[in-house]
Amino acid sequence: MKVFRSHTVFCFLLLLFLLLRSAAPVFSQERAARLWGRVVAADGSPVEHASVALKNTPIGTAADGKGRYSLPAPAGEYTLVVSALGYKTVERPLSLRKRQLLVVELEPDEKEIAEVTVVGKSPVRQVNESVFNVVAIDAKPLHNTSMNLTHALDRISGVKIRETGGVGSRAQVALNGFSGRHVKVFMDGMPMEGFGSAFQLNNIPVNIAERIEVYKGVVPIELGADALGGAINIVTRQLRSTYADASYSYGSFNTHRSNLSVGHTAKNGLSLQLNAYQSYSDNSYRVKTKLLDVNTGVYSREEYWFRRFHDSYHNEAVVAKVGVVRKPWADRLMLSVTLSREKADIQNANLMKKVYGGRERRARSAIPSIHYEKRNLMLPNLNLSLTASYSISRNSNIDTMAREYSWSGEYRQTKTKGEMQYSMSETDNANLSATANLRYRFGGMHYVALNNLFSDFSRKATDAFASSETSTAATFMRRTNAKNVAGISYKLQPSDRWSASAFAKRYDVRVRGPVNVSTLSSSAVYEEQERSFSTEGYGLGATYRLLPALHLKTSFEKSYRLPSENELFGDESLETGDVGLKPENSQNINFNICYDKPLGKAHSLYLDLGLIYRDTKDYIRRQIEQRYGGAYFTNHGRVQNLGFDAEARYFYRRASVGGNFTFQDIRNMEQYAVGGQKLIYYKDRMPNVPYLFGNVDATCNFYNPAGRGSVLSATYNMRYIHSFFLAWESEGGDIVIPKQLSHDLSLTLSLRNGRYHVAAEAKNIADEILYDNYSLQKPGRSFMLKLRYFFFKQ
C-alpha cells in the first residue's frame, strides 16, 4: 500500500490489542434493560432538555420538552448523572434491572453552567418550542462510523449533499432547494466560510461533533447569517470531564482514516482539549464514461469502464484548545488554534469525459480563535458572548503538463503547457470574523437579544509561471469582501404552551475586485472597482402547543444573501467568479407540525411535516461551461420554491425504523429576457437541482451478545433521488441525471460498556452507478472496518 503511516500502524495495533483483551470475559445472557421517567424541578414542572447519562460510559440521552426520557442500557450497576442548565447536577447509584421507572428532581442553581451549551450563540433550549424550524441531531451514535460531517447531514429531512466524487471531493449542502453558499455553515457559532478548503464539512470526521443543528429557512440573529436556504451549526464536544477517543479505519480504494481526541477539565476550571485527524484515499474506483482518441481528438459514442488513476487525496488537521470555565469573571474563556492541510489530485473537470493526468491542488490553513462567555453580566439574566477568529490559508493550483489525457491513461503532447490552463499559482486568503451577542431576560417572559457579525476577507494571487497568454491585468488586482450583519430580536414567552418573536437585520457589504469594462466580447479590459450595498431584513415567528404531543410553529422572513468569496472571485481552479454579482433577496415562509408521543411503555412515535415557500430574486446560479468543464456564476431574475419535507420514526424497545421525504418544486418565474423577448422556459423547474429525494433507515440493538456490557447494533440505510433534468426542459433538454437508489449496511459491536468498538460498513451494496452532479460518478460498492477506543471519566 502506498500510504500506511507509522502513527496509523501504532493506532491499529494498540486498538487491536485492547479489543482482544476486552473479549476475555465469558459470554453472558443477561437481558437488556431500560431506564425511563421524567426530570422535574422542585415545583414539579418539567426540566427541558436535561442530560441523563450513565457515568463513565458513553450511554446517555436528553429529556424532551415534557422532561421525559428513555435510556436503554445493559443491566448492571451504574452511577446515574442528571444535569441541566440552571440546575444542580444530581448523581446517584443505580442498579438497573429490566424496565425501571425513575423521576429525578433537580434543585435550581443560578451559577451552574451546562458545558454542553452552544458556543458563540444563545442556546436553543427547546427545539420543539423554538419559533424557528430547527432540527438537532445527536452525533454521538454516529461516532462508531467512518462518516464525515457531510454524510451525517445527508440523513436529515430536507437536506441533500451533492458530492463530485470520492474521499475529499467538493461537496455542496442543499437545504430545502437552496444549495451551496445559499446555506451558511457554522462551527460553535463561528462562520466556516473563511476556514479554507482543508477544514470543511467534507473532510472533518463526525467524531468532532457533539450534535448538529439544522435551521431550515429562517435563521435566528444569534448566528448572524446572511442566508436564504437556512443554516447549519456544528456543536463540537464540550465535555466537562476527562476523556480519550482514538479510532482507525481502513477500507476500499486504499482508504485510511484515523482520529485522536483527548480532553481534561480540572477542578480549578482549567480546560484542555486536543483533536487530531487524518484521511487518505487513492479514490481508485471505476467510472463509466466516453473515451477520447488522443490522435483524432474525437470522443467515442459509447461509454466504457475505467479505473481512476489520478485522484489521490490526503488531509490532516489538529485542533487545540486551552481555557478556563466556571470563573467569577468568565463562565467560559477558550483560546484555540486549528492547523490543517490537504493535497488532492484533480482527475477530471466538471464534465467526467474531460480527464487530467497531472493537475493537483494543495491547501493549508491556520485559524487562531477566542471565545468568551459571561452570564449575569452586571445584571441578573444579562448574558454576553464574544467570538473571534482569524483564518490564514494558502491554496495552490498546479497545472504545468503539456499533455492531453484520455481515460485509458494514454496522452498526446500539446504545443502549450497546462492541461486546462498553464499555472502554478498560489493564492493567499485571509479572513477575520468577529461575533458579539448580548441577551437579556426580564419579567420572566420577555427576551431581548442584540447580535453583530463582522467579516473581512482578502485574497492575493501570485503565479510564478504566469505568461502573456494566461495572465491579464486582473490577475494581480486586489480582491476584498467586507460585510457586517447586525440584528435585534424580541421574544415573548408567557408560558410553555406558546411563544412569539420578531427580529430585524441590517446588511452592509463592500466588495473590491477586477471588473471587465470592455464592450467587446473578443477582448477584456479590467479595472479594479469597489462596490457597496446596504439594506434591511426582518422576520416574525410563533409557536403553539395545541396538544401535549402536537406542536405547531410558523415563521416569515425577508432576507438577503450576500455573494460569497468563491462566487465573487472564483476558486482559482475550476470556478470563475464575478465581482458584479448582486445579493440575493427572498421572502420565506415556513409552517411546521410536529407530533411526538409515547404509545404505552415500549412504543414511541414521532412525526414531523414542514411546508416551505420561497420567492427569491437575483438568485445566484452555478452553471457549467461545456467546452472545458469549468464553472461560473450568474444572477437569475426570479425563482419560486414551494415544497415540503416529512419525517416519521417509530421506536420499539431495542429497535427503531424511520425515514424522511422531501419534495421541492423550484420554478423559474422570470418571464422575459433582458431584451424583452419572452422566455420559453418560463415556469420551468430549475435545471440541475434534485426535487424529490428521501432516506429510510432501520436499527436493531442486541444486548450482551459478547459478555456483560456489550451491545451489537445492526443498521440499514437507503437513499433515493428521483431523476431530474440537467438543462431547461422547454428548450428540449434531454440530458437527465438518472434516479439514484443506494443501500448501506453497518454492524457495530461495543464492548465493556462502550469502551471498545468494532464497526464494519458496506456502502452502495448493489454497486449502483451514483451521481449527485451530471456525469460526475461517486464510488461504487465499498467496505470499511473501524476500530475505536473510548475512555470517559466524569
*Of the listed peptides 532-543, 666-677, what is their order by residue-averaged count of other C-beta atoms within 10 Å, with the highest listed first?*
532-543, 666-677
*For Cys700 and Val318 in one chain, what is 0.36 nm times their gap in residues minus the Cα-Cα distance, to one decimal in nm?*
134.0 nm
*Subtract the Cα-Cα distance of Ser95 and Tyr632 from 0.36 nm times their separation in residues, and report this length gain in nm to one decimal.*
187.1 nm
_Residue list for the range 584-623, given a label point 7 angstrom along the Cα-to-Cβ vector of Leu547 and an amide N cut-off under 16 Å_ = 593-600, 604-609
*asked:* If you fit an axis through the alpha-carbon atoms of helix 6-22 and take the longest principal axis of the Cα set of the chain, what angle between them do you get, 0 to 90°, nearest 10?
replied: 30 degrees
*For semi-axes √(5λ) of the Cα gyration tensor in Å, which listed value, (i) 44, 37, 26; (ii) 49, 35, 21; (iii) 43, 32, 26, comes from the coordinates shown?*
(iii)
*Determine the shape class of the range 480-549: with a ≥ b ≥ c the square roots of the Cα gyration tensor eigenvalues, call it rounded for a/c under 1.5, and otherwise prolate if a/b is greater than b/c, oblate otherwise.*
prolate
*Just tell me which lysines come within less than 25 Å, Cα to Cα, of Lys321; anything on the same chain fewer than 8 places away is out.*
Lys55, Lys111, Lys121, Lys140, Lys184, Lys267, Lys374, Lys793
_Rough spin-label spacing in nm, given labels placed 7 Å along Cα→Cβ, for Ala766 and Asp138_ = 3.2 nm
*Any idea which of Ser501, Leu453, Val135 is furthest toward the positive side of the dipole for the chain, if Lys and Arg beta-carbons carry +1 and Asp and Glu beta-carbons -1?*
Val135
*Using modelled amide H (1.01 Å from N, peptide plane; none on Pro or chain starts), what sits under 5 Å from the amide H of Arg359, excluding residues fewer than 5 places away?*
Ile346
*Determine ³J(HN,Hα), in whole Hz, for all residues of the range 140-150 in sequence, where each value follows from phi through the Karplus function 6.51 cos²θ - 1.76 cosθ + 1.60 and θ = phi - 60°; x replaces Gly and Pro.*
4, x, 8, 5, 8, 8, 9, 5, 9, 5, 5
*For Arg708, enumerate residues with amide H under 5 Å from its amide H, sequence gap 5+ or separate chain, H modeled in the peptide plane.*
Ser28
*asked:* Quick check: the distance between the Cα centres of the range 261-293 and the range 709-775, to the nearest angstrom?
replied: 20 Å
*How large is the charge dipole for the range 292-352, taken about the Cα centre, if only the Cβ atoms of Lys, Arg (+1) and Asp, Glu (-1) carry charge, to the nearest 20 debye?*
640 debye
*Once phi is turned into ³J(HN,Hα) by the Karplus curve 6.51 cos²θ - 1.76 cosθ + 1.60 with θ = phi - 60°, what whole-Hz value does each residue of the range 717-731 show in order, with x for glycine and proline?*
9, 10, 10, 9, 10, 6, 5, 8, 7, 7, 10, 4, 5, 6, 8
*Collect residues whose amide H, placed 1.01 Å from N in the peptide plane, falls under 5 Å from the amide H of Tyr87; neighbours closer than 5 in sequence don't count.*
Asp109
*Ranked from highest to lowest mean number of other Cβ atoms within 10 Å per residue, what is the order of the peptides 614-620, 288-294?*
614-620, 288-294
*Dipole of the range 673-786, positive end: most advanced residue of Ser710, Pro738, Tyr774 [Cβ charges, Cα centre]*: Ser710
*Give, rounded to the nearest 20 debye, the magnitude of the charge dipole that the chain has about its Cα centre when Lys and Arg contribute +1 at Cβ and Asp and Glu contribute -1 at Cβ.*
1960 debye
*For the peptides 350-356, 93-99, 397-403, what is the packing order when you average, over each peptide's residues, the other Cβ atoms within 10 Å and list the highest mean first?*
350-356, 397-403, 93-99
_Dipole of the range 476-565, positive end: most advanced residue of Tyr560, Val511, Tyr526 [Cβ charges, Cα centre]_ = Tyr560
*asked:* Helix-only estimate, please: 222 nm mean residue ellipticity of the chain, summing -39500 (n - 2.57) across DSSP H runs of length 4 or more and dividing by its residues, to the nearest 500.
replied: -1000 deg cm²/dmol
*In debye, nearest 20: dipole of the range 331-440 around its Cα centre with unit charges on the Cβ of K, R (+) and D, E (-)?*
60 debye
*So how exposed is Leu453, as accessible area in Å² (1.4 Å probe, rounded to 10)?*
20 Å²
*Fully extended, how many nm does the chain gain between Val298 and Met445 (0.36 nm per residue separation, minus their Cα-Cα distance)?*
45.8 nm
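The values are calculated or read from the model by the stated rules, or taken from the named source; none is laboratory data. The model shown is predicted, which means the values in this text are computed figures rather than measured ones. Ideal geometry is used to build each Cβ from the backbone, glycine not excepted, and the neighbour counts take in all protein chains shown. In case anyone asks, the SASA skips ligands and DNA or RNA and just uses the protein heavy atoms, side chains included. Shrake-Rupley method; radii C 1.70, N 1.55, O 1.52, S 1.80 Å.
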